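The values are calculated or read from the model by the stated rules, or taken from the named source; none is laboratory data. Since we're looking at a predicted model, the values are computed, not measured. Here Cβ is always computed from backbone atoms with ideal geometry, including for glycine, and neighbour counts include all displayed protein chains.
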Amino acid sequence: MASSNFVDYVKIFCRSGKGGPGSKHLFRDKLTMKGGPDGGDGGRGGHIILRGSKNHWTLIHLKYARHIHAGDGESGGLSRSFGKEGEDKVIEVPCGTVVYDAENGDFLCDITEDGEEVVLIKGGRGGQGNWHFRTATNQTPRFAQPGESAIEKTVILQLKVLADVGLVGFPNAGKSTLLSVVSAAKPEIANYPFTTLVPNLGIVAYRDNRSFVMADIPGIIEGASEGRGLGLRFLRHIERNSILLFMVPADSDDITAEYNILLNELKQYNPELVGKQRILAITKCDMLDDELTTEIKKIIPNNIQTVFISSITGLGISELKDLIWAEINKESNKVVEITHRPMEVAYQEVEEEIEEEEEDDLSQYKGIGWDEL
Ligand SMILES: Nc1nc2c(ncn2[C@@H]2O[C@H](COP(=O)(O)OP(=O)(O)OP(=O)(O)O)[C@@H](O)[C@H]2O)c(=O)[nH]1
Ligand SMILES: [Mg+2]
């Protein structure tokens, strides 16, 4: 995705450091001919460590750092001195990064908090020096333990954005426009489908210096869960949102049907998403008069909290913010641990294809006509 700075998938090769060998040294000086073993232990090899960092929003800094090697431990020395430890390599990742084993797709760990550290691959232990091996029957062991080998692993880092509220809607529903009026984010806005090709995040200022994070993701269409449009690629970014704001424009042919399609696509992708609290915003209500509003109120789904908004006139925006704030602060809506499923091989292939198509791979969708979708 060279066209954008939003990198949410990288595959990197990591190797921890090997342990330094123990020393086989035998002590000798001017006065002592056979002083016995005094070889020290080898140093531990460097770990590969992942650390959550709020200074990173994407994985772009790792896109071209595909090989990460920690330092090897040094060998033990005389006088039972320890070898120096190999240098640890710390990989900073944005909060919300999930790590998979590239070989079999197994989930390895996830990093959700700033400063949180996980040792991804342990460095090899240093070998013990010959001093440890002296016994009554062998007082001058001329051997020592070698250090443990380095461990190599190819891992996939995948970002699942941590936002309080995720925007879910068909292309052109007015998602980016809403984000642009409630936050300082400046997403691209235009009157054609798939203007937004990668997620945008914004911090929404709320009363009394409080704030919450809103994620605008590319539009979802019927069949998205089977790969239509921008497919599932971005649905993962709402997996960890506390609540979801569904957005359906007031001029939709059938608001309830559109809402149900969105819900179904989410369900196909991950049934757990349907368990999240939802709010429905009917957008672009500046186009409605009182009469039409009354008509629409009769036909909207009645099992969901609904707000009529207009990002252009500001109608309903503060009511919407109040509602979002109330919902994200409910104990029942706090993000529960999501269950991490292994990453399917087929999915990895899709991601890698996208990575390989260097420039502008998603731009083919930009402005695509509705009929072609
Ligand atoms: N009248 C009116 N038009 C709006 C409103 N909000 C957005 N629009 C228009 O709707 C069109 C689409 O808006 P976007 O915010 O780009 O829609 P989106 O949901 O982000 O679309 P994608 O990025 O393609 O998924 C633009 O022409 C906006 O100017 C609104 O409240 N009232
Ligand atoms: Mg958009």
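Points to keep in mind about this one:
- Qualifying positions in region 1-21 - at pLDDT below 95 and small (Gly, Ala, Ser): Ala2, Ser3, Ser4
- Elements of type strands (runs of 3 or more DSSP E) in region 104-220, at least 2 residues being within 16 Å of ligand 2 (Cβ to nearest atom) and under 22 Å from Thr283 (Cβ atoms): 165-169, 200-206, 210-216
- Inter-residue pairs, beta-carbon under 7 Å, first touching a residue at least 12 places away in the same chain (Cβ under 8 Å) and in region 214-230, second basic (Lys, Arg) and buried (at least 24 other Cβ atoms within 10 Å of the Cβ), 6+ apart: Asp216/Lys175
- Restricting attention to region 163-200 and to residues that are polar (S, T, N, Q) and either near ligand 1 (Cβ under 7 Å from one of its atoms) or surrounded by 21 or more Cβ atoms within 10 Å (Cβ to Cβ) (or both), the residue that is farthest from Trp57 (Cα to Cα) turns out to be Asn191.
- Scanning region 199-213 turns up one or more residues that are more than 28 Å from Glu351 (Cβ to Cβ), among the charged types (D, E, K, R) and more than 25 Å from the chain's Cα centre (by Cα).
- Within region 201-212, being within 19 Å of Leu59 (Cα to Cα) and in contact (Cβ under 8 Å) with a residue 24 or more places away in the chain holds for one residue alone: Leu201.
- Positions within region 30-46 being farther than 21 Å from Arg142 by Cβ and surrounded by fewer than 24 Cβ atoms within 10 Å (Cβ to Cβ), in sequence order: Lys30, Leu31
- Within region 70-103, the set of residues being in contact with a Phe, Trp or Tyr (Cβ under 9 Å, 6 or more places away or on another chain), part of a strand (DSSP E or B) and of a type outside the set (A, V, I, L, M, F, W, C) comprises Pro94, Tyr100, Asp101.
- Evaluation of Gly127 against (1) out of contact with any strand residue (DSSP E or B) (no Cβ under 9 Å at 6 or more places or on another chain); (2) surrounded by fewer than 22 Cβ atoms within 10 Å (Cβ to Cβ); (3) not charged (D, E, K, R) (one fails), failing number: (2)
- Against the conditions (1) crowded, with 18+ Cβ neighbours inside 10 Å; (2) modelled with pLDDT of 95 or more, Arg80 satisfies every one except (2).
- Some residue of region 126-146 being under 22 Å from Glu92 (Cβ atoms) and not polar (S, T, N, Q): no
- Selection of first residues in region 302-318 that are in the same structural domain as Arg278 (by TED's automatic domain parsing) and of second residues that are within 15 Å of ligand 1 (Cβ to nearest atom) and of a type in the set (Phe, Trp, Tyr), restricted to Cβ pairs under 7 Å at least 6 apart or on distinct chains, gives the following pairs, ordered by first then second residue: Leu315/Phe308; Gly316/Phe308.
- Search result, residues across region 9-29 that are closer than 25 Å to Gly105 by Cα and buried (at least 24 other Cβ atoms within 10 Å of the Cβ): Ser16, Gly17
- Those residues of region 224-269 which are at pLDDT below 85 and more than 25 Å from Ala326 (Cα to Cα), in sequence order: Ala224, Ser225, Glu226, Gly227, Arg228, Gly229, Leu230, Gly231, Leu232, Arg233, Phe234
- Any hit, region 294-312, residues being surrounded by 19 or more Cβ atoms within 10 Å (Cβ to Cβ), at pLDDT below 90 and not hydroxyl-bearing (Ser, Thr, Tyr): no
- All positions within region 184-198 that are more than 19 Å from the chain's Cα centre (by Cα) and farther than 17 Å from Met247 by Cα: Ala184, Ala185, Lys186, Glu188
- The criterion of at least 1 residues that are among the hydroxyl-bearing types (Ser, Thr, Tyr) and within 16 Å of ligand 2 (Cβ to nearest atom) is met by the following strands (runs of 3 or more DSSP E) wholly inside region 221-318: 277-283.
- First in region 247-262 and closer than 15 Å to Asn302 by Cα, second anywhere and more than 16 Å from ligand 2 (Cβ to nearest atom) and hydroxyl-bearing (Ser, Thr, Tyr), Cβ under 8 Å, 6 or more apart: Val248/Tyr259; Glu258/Ser252
- Only listed residue being farther than 25 Å from Asp8 by Cβ, without any contact (Cβ under 8 Å) to a residue 40 or more places away in the chain and of a type outside the set (S, T, N, Q), chosen from Ala144, Ala150, Ala136: Ala136
- Among the residues of this structure, Arg233 does not count as one that is within 16 Å of ligand 1 (Cβ to nearest atom), more than 21 Å from Lys330 (Cβ to Cβ), under 32 Å from the mean Cα position of the chain (by Cα) and surrounded by fewer than 19 Cβ atoms within 10 Å (Cβ to Cβ).
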